[in-house]
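Heads up, the thing below is written out as structure tokens.
Throughout, read-outs are computed from the coordinates displayed, never taken from laboratory work. Keep in mind it's a predicted model, so treat the numbers as computed, not measured. Heads up, the Cβs are rebuilt from the backbone with ideal geometry, glycines too, and the neighbour counts pull from every protein chain shown.
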Amino acid sequence: MTMKVEEKLTRNAIKNAKESHIRLDQTICRTCVERPCIRLCPGRLYSQSEETGEMVVEFAGCLECGTCKIVCVRKSVSWEYPEGGFGVQYRYG
Amino acid sequence: MADDKLDAVIVGGGLAGLAAAYCLGEAGRQVLLLERGDEPGSKNVTGGRIYLSPIRPLLPGFFDDAPFERHVVKEALTMVDGRNTTLLSHVQDRWRHPPYMSYTVLRARFDQWFSTRAMEKGAFIVPRRRVDDLLWEDGRVAGVHAGGEEIPAHMVLAADGALSFMAEKAHLRQPLVPSRHAVAVKEVYGLDPGAIEERFGLDPGEGAAHLFMGSVTKGRFGGGFLYTNKESLSLGLVLGMDDLMRGSEEFDVLKQGSEQFDVPSLMEDFESLPEIGRYIKGADLKEYSAHIITEAGAGGLSRLFTDGMLVAGDAAGFALNMGVTVRGMEFAVASGVIAARVIDEALTKNDFSAQFLSLYEKRLRESFVMKDMETFRHTAEVLANPRLFTVYPACISSLLEAVFTIGEDPRKGLYRSAMDATKKHVGVWNAFKDFLSLRKI
Ligand SMILES: Cc1cc2nc3c(=O)[nH]c(=O)nc-3n(C[C@H](O)[C@H](O)[C@H](O)COP(=O)(O)OP(=O)(O)OC[C@H]3O[C@@H](n4cnc5c(N)ncnc54)[C@H](O)[C@@H]3O)c2cc1C
Ligand code: SF4
Ligand code: SF4
């Protein structure tokens, strides 16, 4: 009955930048066992690609909370705010 | 060159930045606020409820026509133990009469209103402009870089929120580590005002603040909230990052270790509680947001000033996460106002040295901002006690079960029931230790 997060994200107003504001260092990710980014991202935007085994982040749905930047203690995540006027625009907040 | 400089540049149009812009505008200073969102407020998330008593004296009369949602007259706390719940609800008659103690608020609307007020005072507020870096001159902060331009200023105020890249660039901020932060998710549901008032038992215009603790966080530090707005409900979870990062085995007291505990699933489980379903039934999800909260209290503060720059609001670590409730908005407004006054004095004296700016910390120490942070310094430690989020709600649930159930066996006395519940769930010695630690907060 409850809505899945993928559908919840469609309710948000987002202006997407062309380039991702989140970059991962795959050499670091390969050595990461716990992968907290997957469980802790509130948008469920992190996943491991079945084909390549690489970590993928779907930046277009990003809520700009910064959680992944903090919980990635191995420092694979380079994260900055999207350029001014881009990214999620909360209408309620 | 000195003449090309603005009096002050403010990074971030949240409550701290807007309060500072308003005051500097009022003081007749040339002040520019840069905000990366489409409008001030469009990147900001709060629970939320704002307490006005601490900040009314700082900006007398200012909040009288603010677009708040509802004044809170009803406080409720639900302790959740699996599918069993215990509800405490409290109404103070005093809260029904002005001046109201606290209001629910939606930041997109509130921050835009605040920004209009600041512009009326002469502050320049430029949205859609991200500040990329600080501008340095002779080892001191001397303005900012934004969108490829250099913007020189006598003073910079970093009011850029909990992730504060500006405080980091000036080497003022504490490192961002999971143990000092919580992640919060929030949903806004559109609902007719009449339905809100009926479901929460409120008169028109009145609001409720409903908090949830216990197994909503699967035993982890944090809690849930449900606030009534004019035409919507704000529902959310606050979750300590450190606890979330650990494996589920450590939290198997609730025998829920095998369940999923990723953040989106915790939110889905929370929504599916019958206690929540009854309020959000038929309501339409309007928005899904997330934000971090700094939670280390006074221990997690950044350094507050350096040559040419001050830090205010969440950027400075001025937030208190008490598990079920979060306070930060009053601190943001107050630190913004205090920063503006110190900047105004620095401009008058033409002294932007760290030595002079230390006045800012002194003023904050004299205000409720640092006093409250100090008072609640122990809260983080005490609240880190997992029993508070696991066994106590379970204990209360068994106690009430014992009190209200009439079965075949003869009833035990209340004292026996209470001792049995305590022994079973907590252990009397632990309960006593917890009682002692709670006296600290
Ligand atoms: C879910 C949740 C519930 C909460 N509940 C409550 C509550 O009930 N009561 C309460 O008092 N507090 C609550 N808080 C805390 C409160 O929301 C914050 O303490 C408060 O918003 C801090 O205000 P601020 O102005 O310091 O920062 P923010 O409101 O975060 O504003 C920072 C601003 O800076 C902008 N910015 C950042 N970097 C840049 C840059 N480089 N260039 C340009 N602009 C930039 C951002 O876009 C943003 O507008 C809650 C927080 C959360 C997340
Ligand atoms: S936590 Fe960091 S290192 Fe580990 S998988 Fe995620 S992004 Fe990579
Ligand atoms: S910032 Fe938040 S929403 Fe965006 S990818 Fe990181 S954890 Fe997910």
For chain B, modelled as a GNM with alpha-carbon contacts under 10 angstrom, which of B:LEU304, B:LEU58, B:LEU191 fluctuates the most?
B:LEU58
Contour minus Cα-Cα span, B:ALA195 to B:SER358, at 0.36 nm per residue, comes to 53.6 nm
Do the sum for the protein assembly as shown: with -39,500 (n - 2.57) for every DSSP H run of n ≥ 4, divided by all residues, what is the mean residue ellipticity at 222 nm, to the nearest 500 deg cm²/dmol?
-8500 deg cm²/dmol
D_trans [Stokes-Einstein, Kirkwood Rh over alpha-carbon pairs] for chain A, 4 °C, 1.567 mPa s, µm² s⁻¹
92
Can you tell me what share of the DSSP beta bridges in chain B is antiparallel? A percent to the nearest 5 is fine.
70
Fewest to most Cβ atoms within 10 Å: B:TRP95, B:TRP429 sort as B:TRP429, B:TRP95
Over the stretch B:1-58, what is the mean sequence separation of C-alpha contacts under 8 Å (at least six apart), divided by residue count, expressed as relative contact order in percent?
34
Which length gain, in nm to one decimal place, applies between B:LYS230 and B:PHE62 when the Cα-Cα distance is subtracted from 0.36 nm times their residue separation?
58.4 nm
Antiparallel bridge percentage (DSSP; both residues within the protein assembly as shown; nearest 5):
70
FRET efficiency for B:ASP284 and B:GLU120 from the Cβ-Cβ distance with R0 = 41 Å, rounded to 0.05, comes out at 0.75
Distance-filtered residues of the stretch A:73-93 - backbone nitrogen under 18 Å, label point 7 angstrom along A:LYS18 Cα→Cβ
A:82-87
So, for the Cα atoms of chain B, Rg and Dmax in Å stand at 23.4, 90
Order these by the 10 Å Cβ neighbour count, fewest first: B:TYR22, B:TYR360.
B:TYR360, B:TYR22
Amide N proximity, the stretch B:194-233 versus A:GLU7 label position 7 Å along Cα-to-Cβ, cut-off under 20 Å:
B:233
From largest to smallest, what semi-axes in whole angstrom does the stretch B:179-294 give when each is the square root of 5 times an eigenvalue of its alpha carbon gyration tensor?
28, 14, 12
Considering the Cα trace of the protein assembly as shown, what is its radius of gyration and what is Dmax, both in angstroms?
23.6, 90
Would you please give the FRET efficiency between A:SER47 and B:GLU137, computed as 1/(1 + (r/R0)^6) with r the Cβ-Cβ distance and R0 = 56 Å, to the nearest 0.05?
0.80
Could you pull the Cα extents of the stretch B:390-440 along its three principal axes, largest to smallest, in whole Å?
42, 17, 16
What number, in percent, do you get for the relative contact order of chain B if the mean sequence gap of Cα pairs under 8 Å and at least 6 apart is divided by its residue count?
20
